[in-house]
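The values are calculated or read from the model by the stated rules, or taken from the named source; none is laboratory data. All values reported here derive from a predicted model rather than from experimental measurement. Cβ atoms come from the backbone with ideal geometry, glycine included; neighbour counts cover every protein chain shown.
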Amino acid sequence: MKSIFVFWILILSTIVAFAKPQVLQKVSIHQNDLELTFDSDYDKKAIKYFALDNPPRKVFDIPDTILAKNAKRVIKNSKCKAIRVSQYKPDVVRVVIETSKAYHTRTYRPLLNSNIYCIPLPKNIYKPKPKTTHSNTHHHKKVKKPKKVIKDSYIMPTSKYGRDLVVIDPGHGGHDSGAIGGGKMEKRLVLQIAKRVESELKKLGYRVYLTRRSDRFLKLSQRTKVADKKDAKVFVSIHANSVPKRARNRAYGIETYFLQKTRDTKSQRIAARENTAVLKGAKTKLSKKVIIDSVLNGPKIVQSNKLAIDVQRHMIYYLRQYYKGVKDGGVRPAPFYVLVGASRPSILVEVGYISHYKERKRLFTSSYQKYLAKGIAKGIDRYLKNRKKELGL
Ligand SMILES: [Zn+2]
């Protein structure tokens, strides 16, 4: 009897140990070591370690770990260019040590302290590489080396440009929560992302108008007419997707829509779902056909299609640098009401499926939202620059 009891205690304690992530409480420098202090015994073998060049970096990935809120993110030290600590993934903490020269190190666990991990730092003081001096006075500017090899020809460095206005429309709001998955609401998610898109666009030199900044319901006209009134260059509506229960494990990925009549049943289904909420708030009695026909086959469709392609490609590009299994659902035509009436290139982005467990988890992290927003902003920037070139401006 007693042995069975002990056995159960053992099993239970193992389960508890595996279920709860450890906390990295403190990152500090002690003598010449970087010391990572955990809240409990950690598994030294689980820590993944690799080195990168240009500049030389040592990277440590610590799984099943949460970085304490008050732990330092950047540690200053004379031996390194930088020491950075971050919550790299929801359950992985990453420590990066950047140095002037690659160096050899042997990490260790102090004899008397089983919750500290030590990484020896280089012996010499950090010396930045001498900068190339401007001995010649040619007019070409120094070109910064890109960090990553960029294969896709459509991704080009962007620069500040103009003060054009972009309208960002976070879908739903107020009594209309949009899609719901795992207790999470589309209306909240898309507002968070929209605000991030706004700050990314501002960094690129654009003016931004958000159709809503809080949790409130908007009529259809409040969403689209504003784009015309304010003379915006483009209109981007942000939404999250959802499918019924039976398909929720299969459907995931990022899709961008532009307005067009479509025979594609998938696009029609999604459009139907997004339209119901929008039409509830619309006073207009125009029939579906009239609204759609009034804008079909105009030159705006070509431009909306181009904008959709740029935005979609950039979202996928940025996310794939940091996440595995990002699905490119492509650019599709769809008759969304929200896009009707905005007499400028207009698209609707479905940032992912809130009904898909894994994608939903990612969508609600700040890191995933950041790269999504960056992709949307860079895509808009790319489109507008190409458009100016086309018009000879
Ligand atoms: Zn929606």
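Just a few scattered comments:
- Residue 186 being acidic (Asp, Glu), more than 16 Å from the ligand (Cβ to nearest atom) and at pLDDT 80 or above: no
- Residues of the range 59-71 that are in contact (Cβ under 8 Å) with a residue 12 or more places away in the chain and within 14 Å of residue 27 (Cβ to Cβ): 60, 62, 65, 66, 67, 68, 71.
- Test: residue in the range 55-63 that is basic (Lys, Arg), assigned to a strand (DSSP E or B), in contact with a strand residue (DSSP E or B) (Cβ under 8 Å, 6 or more places away or on another chain) and surrounded by 13 or more Cβ atoms within 10 Å (Cβ to Cβ): yes
- Residue match in the range 234-253 (condition: at pLDDT below 95, of a type in the set (Val, Ile, Thr) and surrounded by fewer than 20 Cβ atoms within 10 Å (Cβ to Cβ)): no
- Among residues of the range 321-377, those that are among the polar types (S, T, N, Q) and either assigned to a strand (DSSP E or B) or touching a helix residue (DSSP H, G or I) at 6+ places or on another chain (Cβ under 7 Å) (or both), counted: 3
- If the condition is being buried (at least 21 other Cβ atoms within 10 Å of the Cβ) and of a type outside the set (A, V, I, L, M), then the range 201-210 contributes only 206.
- Just one of (1) more than 14 Å from the ligand (Cβ to nearest atom); (2) modelled with pLDDT under 75; (3) under 21 Å from residue 222 (Cα atoms) fails for residue 338. It is (1).
- Residue match in the range 191-201 (condition: more than 16 Å from the ligand (Cβ to nearest atom), of a type in the set (A, V, I, L, M, F, W, C) and modelled with pLDDT of 95 or more): yes
- Residues satisfying the stated conditions in the range 20-48, i.e. charged (D, E, K, R) and under 26 Å from the mean Cα position of the chain (by Cα): 48
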